[in-house]
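A.B. asks: First the structure, which I've put down as C-alpha cells, then a few questions once you've had a look.
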Amino acid sequence: MSKVGKIKGFSDLFPPESGKFSLLEAKAREVFGRYGFEELRTPVLEKTELFAKSIGEDTDVVGKEMFTFPDRRGRSMTMRPEATAGVVRAFVDGGAYQPGKVSKYFTFGPMFRYERPQKGRQRQFHQINAEIFGAVEPQADAELILMLRTFLGEIGLDKLAAEINSLGCPECRPGYRKALSEFFAGLDQEKLCEDCRRRKDTNPLRVLDCKVPQCKELVAEAPSITDHLCTDCDEHFRTVRMILDNAGVDYQLNHRLVRGLDYYQRTTFEITSGDIGAQTAVAGGGRYDGLVKTLGGPDVSGTGFACGMERLSLLLEPPEEGGLDFFLAVVDEKAVNQALLFAQQLRSMGFGGNVDFSAGSMKSRLRAANKSGAKLCLIMGGAELEDRTVTIKDMREGGGQETVSRDILLENAQRYFYRNDNQSTQGIR
RNA sequence: GUGGGUGUAGCUCAGUUGGUAGAGCACCUGGUUGUGGCCCAGGUGGUCGAGGGUUCAAGUCCCUUCACUCACCCCA
C-alpha cells in the first residue's frame, strides 16, 4: 500500500514541537489579558472579496498567494492569508462597534498562503494577532508595541531587534511616492537590479527594501518618508517614539520599512531575528485607519500586529515535560484487567499514568517503566493478584520499594506520589 | 513561477576507480528464581525515492519523474 503523504507546505506538529505552540498560546492569553484584550475566534474560510478589498487587489498576497477556490455553488472562497481582514469583518458583522468605545481583541490560528515553502515559511502557518479598534491616539500604537515586547520577553526572547517607521496617510503619502518616483527616474537605470527596474513603477516603496547590495547603495540617497509626513502624521509618529523612548524600548528607525498589505498607514513596526533563516520577521504590524470603513463599517480607526508562531518557535527551546505519576507494569497477563481498573481509580483521583497492557518479563517491564519517565512503577503480577496488593517501586534517584494493599495506596496516594518532591503542591488537583 | 542542494534501516548518515549494502542511535531478547538506568552479548529491520537506459554486472554512470530542503520573488 502506498502512503498518502501530506500536502506540500502543511506540517504535522509532534511533541516537543507542539509543546512550544501550546506555550506560545498560553503566554499570549496571559499577557494580552493583562492589557485588556479579549479573545475573538473567526473562520478560516472567508469570501474572496474580503481580502481583495482589504489587502489590495494588486498585492502579491492577493494576486498570487491565496488558496482560492469555488465552493459547491460556484462562489469564490479563500482560506484566510492573514487575520486582520477577518477580524475587521467580524467586528463589523457582529455589531461590536459602539461610538466612543475602544475594542481590543486577540486571536490565533492557522493562515494560508500559496508560496514555495522554505525555512520559517509554510503554506499553512500560524499567527497570534492583536487588534485595537476605536483608538486614534498614538498611545494605542505604543501600547501594542509595549505589549508585544512584554510577550516576547516573557517567552524568553528579549534580545530581538525592533524597527519602526511611519508610512504617512492618504494626505501625505502620494506626495512622497511622487518624490520617490522622481528620484528613481533620475538614476542610471542600468545600476538597478532587474526586479527594481520593474518595482520602481509598480510599487516604488518596495525598491527601498531590495537586498541587492548595489540597489541598497543607490537607495541610501533616496528621499525618506519621514521627511514628507504631514503635520498630523509627524505629530503622531513623534508621540509614538517619545513613549517608546520613555519606556526604555530599544528600537531603530527604519525609513525603508515597508508593509506588503495596502491597508497600513502611519505607524508600522517589525520585530526581526537574524537566527531563523532568510525570513527574518517574527512579528509585524501597524495602523490601518480606514480599513473598517472600507469593509462597510463605521469610520473607526484600527491598529494591530501579528506574530508568526513558526518563526517564534524556531527561537524557543521546547518546554520541559513533567513525567507521569505512575507506570503500571503488568508482570502476569492475568492481572491486566485488575491493573486497568486500579489505574482508573488513580486517574479519577487526579494522578496520571500509563498501563502496560502487554505483560512481559520483569526486566522488560521495568525498562519500559524507566523509559516512560514516570515517578513510580506500580507492579502487578501473580503475587499481587492473589492478595489485592501492589508493589510500589520509586523510580527516582535513591527510591525504595514496598508492597502494600491497594486500598492503602489509594488512601495515602499523595504521600506515595510526592514524598520526595519539593513541588508537592502540584499533587493537589 | 525561478535557481541551488539532497533522497541508502524508524532517526542521523557512511558506501572507495561500477562487482548485487554498513555504522551509530532507537527498538526487541538475553546476561538463571519477579527488579529499571550503566555495561556486555545477540537479534529484528532496507524492492538504496520512482521509472527507463548503458553494462556480463548499477546505490555508484546517463535520461525522465517525484519528494524534501534552502534561496529568490514576497511576507509573519
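A.B. asks: Mind telling me which of the residues A:Lys27, A:Lys53, A:Lys8, A:Lys3 ends up being over 20 Å from A:Arg259 (Cβ atoms), touching a helix residue (DSSP H, G or I) at 6+ places or on another chain (Cβ under 8 Å) and not hydrophobic (A, V, I, L, M, F, W, C)?
C.D. replies: Values: A:Lys53 fails: over 20 Å from A:Arg259 (Cβ atoms); A:Lys8 fails: touching a helix residue (DSSP H, G or I) at 6+ places or on another chain (Cβ under 8 Å); A:Lys3 fails: touching a helix residue (DSSP H, G or I) at 6+ places or on another chain (Cβ under 8 Å).
Exactly one of A:Lys27, A:Lys53, A:Lys8, A:Lys3 is over 20 Å from A:Arg259 (Cβ atoms), touching a helix residue (DSSP H, G or I) at 6+ places or on another chain (Cβ under 8 Å) and not hydrophobic (A, V, I, L, M, F, W, C), namely A:Lys27.
A.B. asks: For the range A:212-230, which positions are closer than 17 Å to A:His255 by Cβ and under 34 Å from the mean Cα position of the chain (by Cα)?
C.D. replies: Taking the range A:212-230 and keeping what is closer than 17 Å to A:His255 by Cβ, we get A:215-230.
A:Cys215, A:Lys216, A:Val219, A:Ala220, A:Ser224, A:Ile225, A:Thr226, A:Leu229, listed by residue number.
A.B. asks: Same structure, new question: Return yes when A:Ala369 is under 38 Å from the mean Cα position of the chain (by Cα) and surrounded by 13 or more Cβ atoms within 10 Å (Cβ to Cβ) and no when it is not. Reasoning before the result, please.
C.D. replies: Working: under 38 Å from the mean Cα position of the chain (by Cα): yes; surrounded by 13 or more Cβ atoms within 10 Å (Cβ to Cβ): yes.
Against the criterion (under 38 Å from the mean Cα position of the chain (by Cα) and surrounded by 13 or more Cβ atoms within 10 Å (Cβ to Cβ)), A:Ala369 qualifies.
A.B. asks: Taking A:Thr268 as the residue in question, decide whether it is of a type in the set (Ser, Thr, Tyr) and within 25 Å of the chain's Cα centre (by Cα).
C.D. replies: Values: of a type in the set (Ser, Thr, Tyr): yes; within 25 Å of the chain's Cα centre (by Cα): yes.
Answer is yes for this residue.
A.B. asks: Taking the conditions exactly as written (touching a strand residue (DSSP E or B) at 6+ places or on another chain (Cβ under 7 Å) and away from RNA strand B (no atom under 14 Å from the Cβ)), does A:Leu295 satisfy them or not? Write out each step before concluding.
C.D. replies: Numbers: touching a strand residue (DSSP E or B) at 6+ places or on another chain (Cβ under 7 Å): no; away from RNA strand B (no atom under 14 Å from the Cβ): yes.
When the stated conditions are applied, A:Leu295 does not pass them.
A.B. asks: Something else: Report every pair of residues separated by at least 6 positions or lying on different chains whose Cβ atoms are under 8 Å apart, first residue within the range A:100-119 and closer than 21 Å to A:Val292 by Cα, second of a type in the set (Ser, Thr, Tyr) and within 16 Å of RNA strand B (Cβ to nearest atom).
C.D. replies: Short answer, once both residue conditions are applied: none.
A.B. asks: Of A:Val44, A:Val88, A:Val62, which residue is free of Cβ contacts under 8 Å to residues at least 24 places away in the same chain and either under 30 Å from A:Pro319 (Cβ atoms) or buried (at least 20 other Cβ atoms within 10 Å of the Cβ) (or both)? Walk me through how you get there before you give the answer.
C.D. replies: Working: A:Val44 fails: free of Cβ contacts under 8 Å to residues at least 24 places away in the same chain; A:Val88 fails: free of Cβ contacts under 8 Å to residues at least 24 places away in the same chain.
Result: A:Val62 is the single residue among A:Val44, A:Val88, A:Val62 that is free of Cβ contacts under 8 Å to residues at least 24 places away in the same chain and either under 30 Å from A:Pro319 (Cβ atoms) or buried (at least 20 other Cβ atoms within 10 Å of the Cβ) (or both).
A.B. asks: Let me ask another. Go over the candidates A:Glu49, A:Glu30 one by one and state the one that is over 21 Å from A:Phe151 (Cα atoms), of a type outside the set (Lys, Arg), away from RNA strand B (no atom under 16 Å from the Cβ) and in a helix (DSSP H, G or I). Let's see the steps before the verdict.
C.D. replies: Numbers: A:Glu30 fails: over 21 Å from A:Phe151 (Cα atoms).
After applying the criteria, what remains is A:Glu49.
A.B. asks: Pairs under 7 Å by beta carbon, first residue in a strand (DSSP E or B) in the range A:395-408, partner surrounded by 13 or more Cβ atoms within 10 Å (Cβ to Cβ) and of a type outside the set (Val, Ile, Thr), six or more apart or different chains?
C.D. replies: Once the first residue is in a strand (DSSP E or B) and sits in the range A:395-408, its partners that are surrounded by 13 or more Cβ atoms within 10 Å (Cβ to Cβ) and of a type outside the set (Val, Ile, Thr) give A:Gln401/A:Lys393; A:Gln401/A:Asp394.
A.B. asks: Does A:Thr280 satisfy the criteria of being of a type outside the set (Gly, Ala, Ser), more than 10 Å from RNA strand B (Cβ to nearest atom) and surrounded by 15 or more Cβ atoms within 10 Å (Cβ to Cβ)? Talk me through it step by step, then tell me what you get.
C.D. replies: Working: of a type outside the set (Gly, Ala, Ser): yes; more than 10 Å from RNA strand B (Cβ to nearest atom): no; surrounded by 15 or more Cβ atoms within 10 Å (Cβ to Cβ): yes.
Judged against the criteria, A:Thr280 is not a match.
A.B. asks: Restricting attention to the range A:326-345, and to residues there that are surrounded by 21 or more Cβ atoms within 10 Å (Cβ to Cβ) and in contact with a helix residue (DSSP H, G or I) (Cβ under 7 Å, 6 or more places away or on another chain), which single residue is nearest to A:Asp387 (Cα to Cα)?
C.D. replies: A:Ala335
A.B. asks: Output the number of the condition that A:Glu310 fails; it satisfies all remaining conditions of (1) among the charged types (D, E, K, R); (2) away from RNA strand B (no atom under 12 Å from the Cβ); (3) surrounded by 16 or more Cβ atoms within 10 Å (Cβ to Cβ).
C.D. replies: (2)
Read-outs throughout are calculated quantities, based only on the coordinates presented, and are distinct from any laboratory measurement. Owing to the predicted nature of the structure, the values given are computational and were not obtained by experimental measurement. For neighbour counting, all protein chains shown are included, and Cβ atoms are generated from backbone atoms with ideal geometry for every residue, glycine included.
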